[in-house]
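One structure below.
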Amino acid sequence: MTSLPLDRAVDAVLRIAADFDIQFVSETGKRWLTPFFKSTQLPTSFLDFLHTEDKATVQKAMEGLPESFSCDVRVGAAGSQCWVNFRSHRLSAAGDYVLSIVDISSWKTEASSLRHAADHDELTGLPNRATLKRAVAQCIQNNKSGFTVALLGLDGFKRVNDTFGHHTGDAVLVETTRRLLKVLGPTDMLARLGGDEFVMLFPNKNVLAAKQVLKNVLLAVARPYETAPYNAYLGVSVGLAEYPAHGEDYSVMLKNADTAMYKSKNAGKNRVTVFSASEASLDFSITSAMHKGIQAGEFFLEYQPQFDMGRNLVGAEALMRWTNRKWGPVGPEVFIPIAETAGLMPFLGNWALRSACHQLKLFHTLAPDFVMSVNVSPIQFDSDHFDKQVLDVIEETGIDPCRLVLEITESTLMHSQEKTERALAHLREKGIRFSIDDFGTGFSSLSYLTRLPVSSIKIDKAFVWAIAPEHTEATSDKRLISAMIHLGQSIDLHVVAEGVENETQFEFLKAAGCNLIQGYLLGKPMSAQAIRQQLVRQMSMVA
Ligand code: C2E
Ligand code: CA
Ligand code: CA
């Protein structure tokens with residue numbers, strides 16, 4: 001076996017004395033090393049070969065003249081340095097050493113890129129969870145009070161991903177990263193946790209200052225995404241937590257920011273919510289009271305009558321009620337968002353649907369055309385079998401599916417997934433109708449109105465409220481209502497107006513061509529018994 005000449009296995013061989021004086025440099029070593037120094041002559045002292053920061057390393061390694069030692073150091077003049085590893089063997093008791101030097105610059109960059117890969121998210125190049133955790137720990141160690149973390153969840157991302165594929169989804173995430181980085185201050189940090197979740201760390205900003213930045217975050221994400229077909233529109237729900245009030249370590253801060261982000265999602269998405277410890281503990285006690293209340297039968301339904309323009313009672317909307325043993329009546333706008341976060345909504349929603357359909361069956365003995373509207377939370381569509389659950393209820397109660405209307409919000413449709421659309425289509429096929437609740441309050445593209453099997457729109461009471469003699473600024477709202485009615489009818493949708501409280505509103509809506517009316521003017525939410533009595537009265541008047 002021929003052994004490789006030393007001069008070829010290493011990049012340079014040097015002999016140095018104990019005082020670092022260079023006594024010998026191999027020929028290949030001279031050729032390889034000279035370009036790293038900005039002269040034709042190599043330095044005469046080995047210390048002058050080294051980067052300033054590495055001199056001490058070598059001096060320390062040679063202390064006590066060990067038999068051999070090895071170090072990674074940089075050689076060359078400033079600006080043209082190269083990482084090398086050298087191994088040294090003592091030749092004499094006096095401290096002469098022979099050094100074999102190997103260029104390791106390519107390993108060094110590889111190692112640092114490996115380190116970069118471990119600390120960063122592959123797709124966006126942003127710091128990952130581990131890096132974020134270290135950065136938060138650093139802020140805590142620096143004893144910074146008043147720093148904040150914001151957890152960001154994109155609204156509507158899943159739909160883009162499901163509809164157009166992962167490739168488009170990835171492009172949207174990269175584009176979002178670009179937009180978010182633009183609004184950050186120089187000391188702020190953006191990290192990606194995975195999926196559509198990002199975190200902003202504001203080491204020098206309290207809640208107020210962070211909210212200023214987050215305002216721009218909402219605007220930045222709201223711009224159309226040209227990276228996706230049809231210029232997809234997204235939103236972002238944000239939860240904000242401040243140190244130390246909302247958590248004294250990384251995991252508590254993140255958990256609380258997450259709770260606040262879900263509040264943003266449940267309150268209609270695309271907003272910033274600051275974590276509130278007292279609210280969280282109230283939510284907690286409401287959740288446990290709801291569990292008990294379900295067992296104790298504290299939940300019930302009321303029915304708000306709906307009328308045609310001739311003021312005939314033609315249907316009702318089922319509205320959930322909860323009278324707690326200790327607190328008395330708790331409004332649905334309080335307990336429904338909590339039930340949604342606590343995972344109770346699939347159960348409560350299904351219970352409301354069953355109860356309303358049982359009641360509808362009884363109403364049909366008096367008025368066979370009576371129509372029941374039931375609210376459906378977006379959470380209910382997350383179940384894989386929502387359509388089956390509805391069909392089971394119809395079978396169990398024996399109602400005519402054509403007399404059931406499910407009320408869904410614009411945001412359910414805007415952020416809907418293929419699964420939701422399939423469930424809607426399947427149920428529509430079976431005769432069930434869908435109405436868009438709170439129409440006009442979500443900002444959406446309206447294209448869903450023709451794409452999905454919707455049969456009516458329900459104009460939100462905020463618009464109806466504006467039709468009143470005392471609201472002088474109402475002219476534009478009136479025009480808006482007329483336009484909504486026009487729009488609905490031009491694509492064969494029924495138009496329902498809710499929140500009708502006075503005759504002025506009723507007359508205006510009637511003249512504008514609205515089909516159905518719901519509101520305190522003609523009937524507040526009431527018991528099933530009260531609806532039956534009204535139906536009986538109506539029948540006797542006709543007879
Ligand atoms: P919503 O679906 O928009 O229901 C209409 C709300 O307007 C009801 O409030 C009703 O009592 C109220 N309202 C009706 N007429 C008038 C009026 O003339 N003036 C005024 N100012 N208000 C009127 P409620 O019962 O407090 O329900 C609030 C919300 O809670 C509902 O809004 C709905 O989003 C939700 N909700 C109620 N029951 C259910 C349910 O069974 N399932 C789901 N998912 N959500 C429900
Ligand atoms: Ca409704
Ligand atoms: Ca409504």
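The values are calculated or read from the model by the stated rules, or taken from the named source; none is laboratory data. Only a predicted model underlies this, so the values are computations on that prediction, with no experimental measurement involved. Cβ placement follows ideal geometry from the backbone for every residue including glycine, while neighbour counts extend to all protein chains displayed. Surface accessibility is based on the protein's heavy atoms, side chains included, excluding ligands, DNA and RNA. Shrake-Rupley method; radii C 1.70, N 1.55, O 1.52, S 1.80 Å.
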Taking alpha-carbon centroids only, segment 191-217 lies from segment 297-324 a number of Å equal to 43
In units of 2.2 N^0.38 Å, the Cα radius of gyration of the chain is 1.47
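What dipole magnitude, in Debye to the nearest 20, does segment 120-275 give about its Cα centre under +1 on Lys/Arg Cβ and -1 on Asp/Glu Cβ?
I would put it at about 380 debye.
Go ahead and run the numbers for FRET between PHE37 and ALA111, Cβ-Cβ distance against an R0 of 25 Å, rounding to 0.05.
Efficiency computed from Cβ-Cβ geometry: 0.45.
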Here, GluC sites (Glu not before Pro) of segment 51-110 satisfying both criteria (DSSP loop; at most 16 other Cβ within 10 Å) are GLU63, GLU67
Sorted largest first, the C-alpha extents of segment 300-542 along its principal axes in whole angstrom are 46, 45, 41
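By accessible area of protein heavy atoms, probe 1.4 Å, what ranking do ARG134, ARG179 get, highest first?
ARG134, ARG179
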In segment 475-539, the chymotrypsin sites (Phe, Trp or Tyr not before Pro) that sit in a DSSP loop and have at most 15 other Cβ atoms within 10 Å of their own Cβ are TYR520
Set LYS388/LYS461; LYS255/LYS524; LYS292/LYS419; LYS108/LYS133; LYS430/LYS478, cut-off 30 Å on Cα-Cα distance; pairs above it are LYS388/LYS461; LYS255/LYS524; LYS292/LYS419; LYS430/LYS478
Taking the alpha-carbon centre of each part, the distance from segment 48-70 to segment 84-155 in Å is 23
Note on segment 400-543: the mean projected area of its alpha-carbon convex hull, in nm², is 10.3
Ignoring ligands and nucleic acids, THR227 exposes an accessible area, probe 1.4 Å, in Å² to the nearest 10, of 60
If unit charges are put on Cβ atoms (+1 for Lys and Arg, -1 for Asp and Glu) and the dipole of the chain is taken about its Cα centre, the option from LEU254, LEU190, TRP465 lying farthest towards the positive end turns out to be TRP465
Restricting to aspartates and glutamates and to Cα separations under 14 Å from LYS30, and discarding same-chain partners fewer than 8 apart, the set is ASP7, ASP11, ASP103
With all protein chains in place and a 1.4 Å probe, ASP21 shows an accessible area in Å² (nearest 10) of 80
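Let me check something: with ligands and nucleic acids excluded, how do GLU498, GLU242 order by accessible area (1.4 Å probe), largest to smallest? Please list the in-between numbers first.
Details: GLU498 15, GLU242 40 Å².
My answer, sorted largest first, is GLU242, GLU498.
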Placing each pseudo-label 7 Å from Cα in the direction of the beta carbon, ASN143 and SER527 end up separated by a distance in nanometres of 6.6
Net charge (Lys, Arg +1; Asp, Glu -1) of residues whose beta-carbon lies under 13 Å from that of TYR448, TYR448 excluded, is 0
Given unit charges at Cβ for Lys, Arg (+) and Asp, Glu (-), the dipole magnitude of the chain about its Cα centre in debye, nearest 20, is 340
In terms of the charge dipole of the chain, which places +1 on Lys and Arg and -1 on Asp and Glu at the beta carbon, the residue among ILE485, LEU446, SER113 farthest towards the positive end is ILE485
Simple SL model, points at 7 angstrom along Cα→Cβ for ARG422 and SER92; separation in nm is 8.5
For the chain, longest principal axis from Cα atoms; helix 528-542 axis from its Cα atoms; angle between them, nearest 10 degrees, is 40
Taking Lys and Arg as +1 and Asp and Glu as -1, residues besides PHE506 with C-beta under 14 Å from its C-beta add up to -1
Charge dipole of the chain built from unit charges on the beta carbon (Lys, Arg +1; Asp, Glu -1), centred at mean Cα; most positive-end Cα among TRP322, SER455, HIS364 is TRP322
Sparse-neighbourhood loop hits (trypsin sites (Lys or Arg not before Pro), segment 14-76; DSSP loop; Cβ within 10 Å at most 12 others) -> LYS38
Between the Cα axis of helix 475-490 and the main Cα principal axis of the chain, the angle (0 to 90°, nearest 10) is 80
Computed over the Cα atoms of segment 120-275, the Rg and Dmax in Å are 14.8, 48
The helix 418-429 Cα axis meets the longest alpha-carbon principal axis of the chain at an angle in degrees, between 0 and 90 and rounded to 10, of 20
